[in-house]
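Participant: Dropping the structure in here first, questions after.
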Amino acid sequence: FKEITLVSANSEACSEAKVAGIYYCGCNLSSDMCSLCGKGERVKESLKDNEVVDEDGTKISCAEYEAYLNTLVPSSEKCKKSEILHSQCCRENMSLASND
């Protein structure tokens, strides 16, 4: 048997476990943490595989990004920026402005 140990709620291991639970197991998002699509909203099923580029220049799917952001507090700079930059994960048929 493998020994199971508890980890600190503020540890990187805990954050990684939470991301895995949301992304792989479909666990609920925490309502008091950062939300990509707004409080109580999830990435639409049809948009989960869309790729975005995060602040570090890494390509990541909308579903993975949603899970990662839910480990951040809403007041964090990354959270605030992500809600604006990655709204393409939350809305279908986004229209682009044209200069006609």
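The values are calculated or read from the model by the stated rules, or taken from the named source; none is laboratory data. Just so we're clear, the structure is a prediction, and the values are computed from it rather than from any experiment. When we count neighbours, we look across all protein chains shown, and the Cβ atoms used for this are built from the backbone with ideal geometry, even at glycine. Areas reflect the complete protein model, heavy atoms only, side chains present, ligands, DNA and RNA absent. Shrake-Rupley method; radii C 1.70, N 1.55, O 1.52, S 1.80 Å.
Participant: Could you pull out the residue among Val19, Val52 that is open to solvent by less than 80 Å² (accessible area, probe 1.4 Å) and either polar (S, T, N, Q) or modelled with pLDDT under 80 (or both)?
Facilitator: Being open to solvent by less than 80 Å² (accessible area, probe 1.4 Å) and either polar (S, T, N, Q) or modelled with pLDDT under 80 (or both) holds for just one of Val19, Val52, which is Val19.
Participant: Scan the range 6-47 residue by residue and report those that are among the hydroxyl-bearing types (Ser, Thr, Tyr) and touching a Cys at 6+ places or on another chain (Cβ under 7 Å).
Facilitator: Passing the criteria: only Ser8.
Participant: Then there is this: Just for the range 26-49: of the residues that are open to solvent by 30 Å² or more (accessible area, probe 1.4 Å) and of a type in the set (S, T, N, Q), which one is farthest from the chain's Cα centre (by Cα)?
Facilitator: Ser46
Participant: Pick from the range 55-70 the residues that are outside any helix (DSSP H, G or I) and not hydroxyl-bearing (Ser, Thr, Tyr): which of them is surrounded by the most Cβ atoms within 10 Å (Cβ to Cβ)?
Facilitator: The residue in question is Asn70.
Participant: Further question on the same structure: All but one of (1) surrounded by fewer than 14 Cβ atoms within 10 Å (Cβ to Cβ); (2) of a type in the set (A, V, I, L, M); (3) in a helix (DSSP H, G or I) hold for Val73; state the number of the condition that does not hold.
Facilitator: (3)
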